[in-house]
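Here the structure is laid out as structure tokens; the discussion comes afterwards.
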Number of protein chains: 2
Amino acid sequence: MIKITLPDGTVKEYKKGITPIDVAKSISEGLARNVISAKFNDTVVETVSSLNEDGKLVLYTWSNTEGKKAFWHSSSHIIAQALEELYPGIKLTIGPAIENGFYYDVDFGEHAISEKDFPAIEKKALEIARGKHNFKMRSVSKKDALKFYKEQHNEYKVELIENLDDGTITFCDHDTFTDLCRGGHIPNTGIVKAIKIMNVAGAYWRGDENKTQLTRVYGISFPKQKELTEYLELLEEARKRDHRKLGKELELFTFSQKVGQGLPLWLPKGAALRERLENFLKNAQKKAGYEMVITPHIGQKELYVTSGHYDKYGEDSFQPIHTPKEDEEFLLKPMNCPHHCEIFNSRPLSYRELPKRFAEFGTVYRYEQSGELHGLTRVRGFTQDDAHIFCTPDQLHQEFINVIDLSLYVLGSLGFENFVAQVSLRDPEKPEKYIGSIENWEKAEKAILNAAEERNLNFVVEKGEAAFYGPKLDFMVKDALGRNWQLGTIQVDYNLPERFDLTYKGSDNEEHRPVMIHRAPFGSMERFVALLLEHTGGNFPLWLTPDQAILLPVSEKHEKYAEKVLNSLENHEIRALVDVRNETVGKKIREAEMNKIPFMLIVGENEEAQNTISVRKHGGEDLGTLSVKEFANLVEKEISSTLKSF
Amino acid sequence: MIKITLPDGTVKEYKKGITPIDVAKSISEGLARNVISAKFNDTVVETVSSLNEDGKLVLYTWSNTEGKKAFWHSSSHIIAQALEELYPGIKLTIGPAIENGFYYDVDFGEHAISEKDFPAIEKKALEIARGKHNFKMRSVSKKDALKFYKEQHNEYKVELIENLDDGTITFCDHDTFTDLCRGGHIPNTGIVKAIKIMNVAGAYWRGDENKTQLTRVYGISFPKQKELTEYLELLEEARKRDHRKLGKELELFTFSQKVGQGLPLWLPKGAALRERLENFLKNAQKKAGYEMVITPHIGQKELYVTSGHYDKYGEDSFQPIHTPKEDEEFLLKPMNCPHHCEIFNSRPLSYRELPKRFAEFGTVYRYEQSGELHGLTRVRGFTQDDAHIFCTPDQLHQEFINVIDLSLYVLGSLGFENFVAQVSLRDPEKPEKYIGSIENWEKAEKAILNAAEERNLNFVVEKGEAAFYGPKLDFMVKDALGRNWQLGTIQVDYNLPERFDLTYKGSDNEEHRPVMIHRAPFGSMERFVALLLEHTGGNFPLWLTPDQAILLPVSEKHEKYAEKVLNSLENHEIRALVDVRNETVGKKIREAEMNKIPFMLIVGENEEAQNTISVRKHGGEDLGTLSVKEFANLVEKEISSTLKSF
């Protein structure tokens, strides 16, 4: 008998040689039907592997990342078999699971495949899958393994095997197909109900551009056809909502090769939108007692030596800026906190003046590899909606409550309803990892947890995830496509007050160390606008969107009236424009739809005679004929329903 | 007979050997009384020098810079004589005129002088002056000159003479005093009616810190006592208004040694004031058809190679920022124009879309020697209220009119009424110095001159002062102390459109080159705020000032009422605060005066009973007891009287 420990801590006894799938069966038939992968003592095993010693067993289903990994890796075997059958003589190399699906790198020899070939490959793969062939692992001697692939003239697998130790080599068989493989498969091919080739791309053998170029076949597979359909729809939707595509179409931002990669240039509509976002937050912050400051985008070496950032400035960073003065060195500012500490330090402060809340839309610069840059989400220069709160330890709880309220207000006003707060605390078993007294840490952690509870946040606690300088709370937001984004961090810091020797005079007339909170509800303006674009598909909330309405004169005759209405809309602070092109109203409407303009205002004979506008909502709803005043009321009502005051 | 040509072109004949002062007499007795210095054929001469050949003669009075120079240089002789008489054995070195007054560097030996000695020196100097001693130049042989100073054991003068050629050496005598001197004196000491030692400082002989440290005696002198008094008052006023002093007292900005010299940190009150200024200009710019953009604070080398700035990046600049990628180089942005050109270039444009007016409060960085840094007026990082207008050549005239209107609006709203526009045109004799076609230059110059005339500007034309890339117009503003500041430049540019290959599609369907205008009504936010501080002495216009009113409760009892009033003021959008300190109202008033708060609102028994406030204006005027509503109306009225809408 062996002892098997399950993840919930239960220990069960089984006969030696029992398989994971049998363990699942012993728990429930339902579980056994869904188990597709397993780990035993932290090593991936087959669901049909014999377990011969005591150990910890984890069973995985499709809903686990590990389960998907086994599923997709197994699917790559099926695709490989299909390719071999359709294109005899090709040479297989490696075929791992990836984040979404899998790939197989193949030397197609004289063959070449393209999109038109995908359906036939998918059809063949699905036929194989339907055969419900078991995946069976077996050990092979190095000699036999080499012989097997040498007979196939597959120099790639031969090279792989030559680098393996005899005794560690395994093959996996299913149906008529055999592959060199370390294991980690689903029980049988029949579980794969849907399989799709996504695309093909060139890939060098072993990633070395001096070696043969292979064809990388990307695929994905699912246990239900419906899931594949949904996945493809999501992909299509994500493609449509790609902020890089929308940002260009809506003329929000651009990049210039000359200015440099990862350095966005905000075009007029984007800059105005960003300013509205900033003003929205500024207004709320003003009510919440923040004070705006402005600091430079560079700082002297000494500043970063004090803050501790200088040591972390490696070869992968923007390098220091030298000056004519020897030994003088400036750095592009990678964060605003050191500058704000110096502002705190600019004159003596009394406890009566705390908390001090310094806010700045501070643009910072951090070097990213060019391959990692991505639209506005991964850039080299970005503007944080940064603020630093300096308070007494006793004020921490109230300040946390205040910042949570502000963050909830921001998320709510921008249509993010689906989020979780993640509270990161210290590992109480490793006090040496953290700066600051245990007493202060306890106070801070309690303050955060109480604040999260008082505000009824949906939150999870992660022990040991705190930074060395303090505990924190992050908002994890789900966008309209179900993807997670980290937004709105609130972070306690015991480190910088120490390093900058920040003090205030307490009621006891002694000098005390303030606590510092870093917070940024948006995170960065660039990333937040990207997220908003993808979340809304470019259909921004009415208060935020670039053009709120477009006037569409039916013919040239009505342009003058349209200009008059435009003027009157501007007096109502409605952002509008006139489409004066000599095009049909139908075409103008289609383009206004594409440009995501919320209201199309059609003006012709009747409207001009009655001094009205015919209002059509984005998406098609007809709101009838209204006076400008009525329309302005409608806009104001819609705005005030989303944009509450703080 | 010799021919003397005067500055107005008249040529007169005189006997050989005539002196400048006699020429003056021949013109008018009044002129002769005022002439204190002269230049003959571009060389400084004494007013009593003999003129022995044909030539150009310029006569100077106290109102000319050259006249002042002679006046102050002569005064340094008088001070030197006074010092020698009071401190026998001291060694004189050199004593030139400077921008304001003069100095004399003296080796005082065992003597030491300080402020308490100044009155005695001034008294002695004035006694000498009253003697009306003529300044008389005479040639001395090198041998005699050396002998003269060797006898005095003055190694400094000996060193100076040793470096001179025999035959070029002159001495100047007056009264009992003789000095080595190249000349350039007023006729006699009696013209100096007021003389003052300003301060003393250490100065190394020949500016070399390895040589003897001398005492530099700074002085100033005037032809009337009243002028000295006024000068000292102006100095005192300038000292009080020094923006560095006021900026600290009013908590507008600070500097940090760690962040770096010349990099201002805007404190909350300063940042808010700057934001009000920016919003003021933004609103006007919006009405004038500008669009805001946002660009990064760095740019790739390639950007500046294209713009031509890279070549000018010398050793005296911030050095390039390197990255992990070899050959990749970024520069801190020294100006915003290259970035705006890239925005213009981001998509094809038609003539129908012009003018494009891209505006940005763009922070730029330029390295200045630390010795040249001065508060907010000379910094290493500053924010330009920048905009670039891209238009067709035919639109230039209207755009210039528009920019002049905007500049006049800005100057008017901020209380600058005293200014001259300086129009800088090309040198028509040197066409090779300029880029762009002659036709375009003519068009542009005509556009500027016509615009200046149409707007009735008080302007002067400077031929040959244009930059190589285009003509310009600068506003030269006189501040409350009569000092000149250059503000609000408007500059045509034919160069960058060429270098960035900017084009638009004309009505002829061909590609055309747009003209570019650079303009910045404030210049930079830093310099403008400094100027405003010195111009207003910290008493900003009401719409701009940090705190518009302060509530002064007569005693603790009335604090609650004060808070209520504060709330109500905030609802009227009046920026106010409450002085809750346990101090007398008298002291609170004095401090509010110092803090330049325009309105002091006193609340006590009566005010609380009647729901009113007693209003005292900054400076002392009592406005009586008002309701909050009445006070709010008063504030609104004062604001709307200075801040017109554009």
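Each residue in segment B:503-512 was checked for being among the β-branched types (Val, Ile, Thr) and part of a strand (DSSP E or B), and 0 of them qualify.
Residue-wise test of (1) of a type in the set (Phe, Trp, Tyr); (2) over 33 Å from the mean Cα position of the chain (by Cα).
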site: B:Glu465; (1), (2): no, no
site: B:Gln486; (1), (2): no, no
site: B:Asp493; (1), (2): no, no
site: B:Phe500; (1), (2): yes, yes
site: B:Tyr504; (1), (2): yes, yes
site: B:Asn509; (1), (2): no, yes
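Condition test on B:Val23, is it in contact with a Lys or Arg (Cβ under 9 Å, 6 or more places away or on another chain) and under 16 Å from B:Thr5 (Cα atoms)? Spelling it out, B:Val23 is indeed in contact with a Lys or Arg (Cβ under 9 Å, 6 or more places away or on another chain) and under 16 Å from B:Thr5 (Cα atoms).
Per-residue answers, yes or no, for (1) under 22 Å from A:Lys637 (Cα atoms); (2) basic (Lys, Arg):
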position: A:Glu570; (1), (2): yes, no
position: A:Ala576; (1), (2): yes, no
position: A:Arg581; (1), (2): no, yes
position: A:Lys587; (1), (2): no, yes
position: A:Met594; (1), (2): no, no
position: A:Glu607; (1), (2): no, no
position: A:Ile613; (1), (2): yes, no
position: A:His618; (1), (2): yes, no
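In segment A:368-378, the residue that is nearest to the chain's Cα centre (by Cα) out of those that are surrounded by fewer than 23 Cβ atoms within 10 Å (Cβ to Cβ) and of a type outside the set (Gly, Ala, Ser) is A:Thr377.
Consider segment A:264-298 and keep the residues that are part of a helix (DSSP H, G or I) and acidic (Asp, Glu). The one that is nearest to the other protein chains (Cβ to nearest Cβ) is A:Glu275. Quick check: anything in segment B:354-366 small (Gly, Ala, Ser), in contact (Cβ under 8 Å) with a residue 40 or more places away in the chain and either within 8 Å of another protein chain (Cβ to nearest Cβ) or within 20 Å of B:Tyr469 (Cβ to Cβ) (or both)? Yes, segment B:354-366 has at least one match. Taken together, the criteria exclude A:Thr229 from residues that are within 14 Å of another protein chain (Cβ to nearest Cβ) and under 29 Å from the mean Cα position of the chain (by Cα). Annotation note: of A:Glu465, A:Glu429, A:Glu417, the sole residue that is part of a loop (DSSP other than H, G, I, E, B), out of contact with any His (no Cβ under 6 Å at 6 or more places or on another chain) and within 30 Å of A:Phe253 (Cβ to Cβ) is A:Glu417. Restricting the first member to segment A:522-535 and to residues that are within 12 Å of A:Glu278 (Cα to Cα), and the second to residues that are of a type outside the set (Ser, Thr, Tyr) and in a helix (DSSP H, G or I), the beta-carbon pairs closer than 6 Å and six or more apart or on different chains are A:Phe522/A:Phe528; A:Met525/A:Arg274.
Restricted to segment B:321-336, and to residues that are out of contact with any helix residue (DSSP H, G or I) (no Cβ under 6 Å at 6 or more places or on another chain) and more than 8 Å from chain A (Cβ to nearest Cβ), which residue is nearest to B:Thr392 (Cα to Cα)? By that ranking, first place goes to B:Asn336.
Just one residue in the set B:Arg241, B:Arg347, B:Arg276 is surrounded by 18 or more Cβ atoms within 10 Å (Cβ to Cβ) and either more than 30 Å from A:Leu376 (Cα to Cα) or not small (Gly, Ala, Ser) (or both); that residue is B:Arg241.
For segment A:292-311, the set of residues classified as within 20 Å of B:Arg366 (Cα to Cα) and in contact with a helix residue (DSSP H, G or I) (Cβ under 8 Å, 6 or more places away or on another chain) consists of A:Ile294, A:Thr295, A:Pro296, A:Gly299, A:Lys301, A:Leu303, listed by residue number. The residue pairs whose first member lies in segment B:105-118 and is crowded, with 16+ Cβ neighbours inside 10 Å, whose second member is among the hydroxyl-bearing types (Ser, Thr, Tyr), and whose beta carbons are closer than 6 Å, counting only pairs six or more residues apart or on different chains, are B:Asp105/B:Thr93; B:Val106/B:Thr215; B:Phe108/B:Thr215. If you scan segment B:356-380, which residues turn out to be hydrophobic (A, V, I, L, M, F, W, C) and farther than 13 Å from B:Ser524 by Cβ? Passing the criteria: B:Phe358, B:Ala359, B:Leu373. Scanning segment A:299-315 for residues being in contact (Cβ under 8 Å) with a residue 24 or more places away in the chain, in a helix (DSSP H, G or I) and facing chain B (nearest Cβ under 7 Å) gives a total of 2. Kindly indicate whether B:Gln300 is within 28 Å of the chain's Cα centre (by Cα) and among the polar types (S, T, N, Q). Criteria not met by B:Gln300.
State yes or no: is A:Glu372 charged (D, E, K, R) and at the interface with chain B (Cβ under 8 Å from one of its Cβ atoms)? No. Against the list (1) buried (at least 19 other Cβ atoms within 10 Å of the Cβ); (2) at pLDDT 95 or above, the condition A:Glu291 fails is (1).
Restricting A:Ala24, A:Ala38, A:Ala82 to those that are under 36 Å from the mean Cα position of the chain (by Cα) and within 20 Å of A:Lys193 (Cβ to Cβ) reduces the list to A:Ala82. The residue pairs whose first member lies in segment A:245-273 and is assigned by TED's automatic domain parsing to the domain that holds A:Thr363, whose second member is among the aromatic types (Phe, Trp, Tyr) and surrounded by fewer than 23 Cβ atoms within 10 Å (Cβ to Cβ), and whose beta carbons are closer than 8 Å, counting only pairs six or more residues apart or on different chains, are A:Gln261/A:Phe255; A:Gly262/A:Phe255; A:Leu263/A:Phe255; A:Pro264/A:Phe255; A:Leu265/A:Phe255.
Can we say B:Ile389 is over 30 Å from B:Leu542 (Cβ atoms) and of a type in the set (Val, Ile, Thr)? Judged against the criteria, B:Ile389 is a match.
Taking each residue of segment A:587-605 that is surrounded by 22 or more Cβ atoms within 10 Å (Cβ to Cβ) and looking for partners that are assigned to a loop (DSSP other than H, G, I, E, B) with beta-carbon atoms closer than 6 Å, six or more apart or interchain, yields A:Ile597/A:Asp547.
For segment A:481-503, filtered to residues that are among the hydrophobic types (A, V, I, L, M, F, W, C) and more than 18 Å from A:Pro355 (Cβ to Cβ), the residue that is surrounded by the most Cβ atoms within 10 Å (Cβ to Cβ) is A:Leu487. Being in the same structural domain as A:Arg216 (by TED's automatic domain parsing) and free of Cβ contacts under 8 Å to residues at least 24 places away in the same chain is a description that applies to A:Leu146.
The values are calculated or read from the model by the stated rules, or taken from the named source; none is laboratory data. Just so it is clear, the model here is predicted, and its values are computed rather than measured. Here Cβ is always computed from backbone atoms with ideal geometry, including for glycine, and neighbour counts include all displayed protein chains.
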